[in-house]
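Peer 1: Got a structure here, written out as structure tokens. Questions coming.
The values are calculated or read from the model by the stated rules, or taken from the named source; none is laboratory data. Predicted model only: the values in this text are computed from it and were never measured. Here the Cβ positions follow ideal geometry from the backbone for every residue, glycine too, while neighbour counts run over all protein chains shown.
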Amino acid sequence: MLTRWDPFVGGTLNRLHNEMNQLFDRFGMASENGRAPEFAFPPVNVWEDNENVYAEAELPGMKQDELEIYVSEGNQLTLRGERKPCEQQKGVWHRQERGFGKFGRVITLPAVIDANNVEARFEQGVLFLTLPKSPAAKPRKITVKGE
């Protein structure tokens, strides 16, 4: 019995859907309601090695005590805060591109995190996070026994 190959049957379509979601999330274009936000704030870089996941977030003009950082569900990083508007004493605005107000971002990390050992530092408006991987998320070498 011969079956014709169909690229959209089974897991291929699901895999394409997941990859598109990751692509849009990477460029700050994904949201819970399916619409693309005007911008994703704060912009975040995320990468990993064998031991840790690292994240950097640009938060110009903010103070560290204005930030809330959470790790939940093992691999969900939440950044929350509020950017205050620039106070103009006099004059007329000609351009106002810097957004202000409350913000929150939830980023799915590539591994389960040991939330008790996360390290955060805030330098010159950039938040640096070192998120140690949970021992269960780290690769383990399996020894193969012979005869």
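Peer 1: In segment 37-86, which residues are among the aliphatic types (A, V, I, L, M) and not in a strand (DSSP E or B)?
Peer 2: Listed by number, the residues that qualify are Ala40, Leu59, Met62, Leu67.
Peer 1: Residues of segment 114-147 being loosely packed, with under 10 Cβ neighbours inside 10 Å, modelled with pLDDT under 90 and not in a loop (DSSP other than H, G, I, E, B), which ones?
Peer 2: Pro135
Peer 1: So which pairs qualify, if the first residue must be in segment 48-68 and closer than 19 Å to Ile107 by Cα, the second must be in a loop (DSSP other than H, G, I, E, B), the Cβ gap must be under 6 Å, and the two must be at least 6 apart or on different chains?
Peer 2: Going by the 6 Å Cβ cut-off, the qualifying pairs are Glu48/Pro110; Val53/Leu109; Val53/Ala111; Ala57/Pro42; Glu58/Pro42; Glu58/Pro43; Leu59/Pro42; Leu59/Gly125.
Peer 1: Right, something else. Return a yes/no flag: does segment 92-101 have any residue that is exposed (fewer than 14 other Cβ atoms within 10 Å of the Cβ), modelled with pLDDT under 90 and outside any loop (DSSP other than H, G, I, E, B).
Peer 2: Yes, some residue in segment 92-101 is exposed (fewer than 14 other Cβ atoms within 10 Å of the Cβ), modelled with pLDDT under 90 and outside any loop (DSSP other than H, G, I, E, B).
Peer 1: Answer with yes or no whether Ala111 is in contact with a helix residue (DSSP H, G or I) (Cβ under 8 Å, 6 or more places away or on another chain) and either assigned by TED's automatic domain parsing to the domain that holds Gly74 or not in a loop (DSSP other than H, G, I, E, B) (or both).
Peer 2: When the stated conditions are applied, Ala111 passes them.
Peer 1: Working carefully through the options Ala120, Ala115, Ala111, find the one that is among the aliphatic types (A, V, I, L, M) and closer than 13 Å to Ala57 by Cβ. Talk me through it step by step, then tell me what you get.
Peer 2: Working: Ala115 fails: closer than 13 Å to Ala57 by Cβ; Ala111 fails: closer than 13 Å to Ala57 by Cβ.
Every option except Ala120 fails the conditions.
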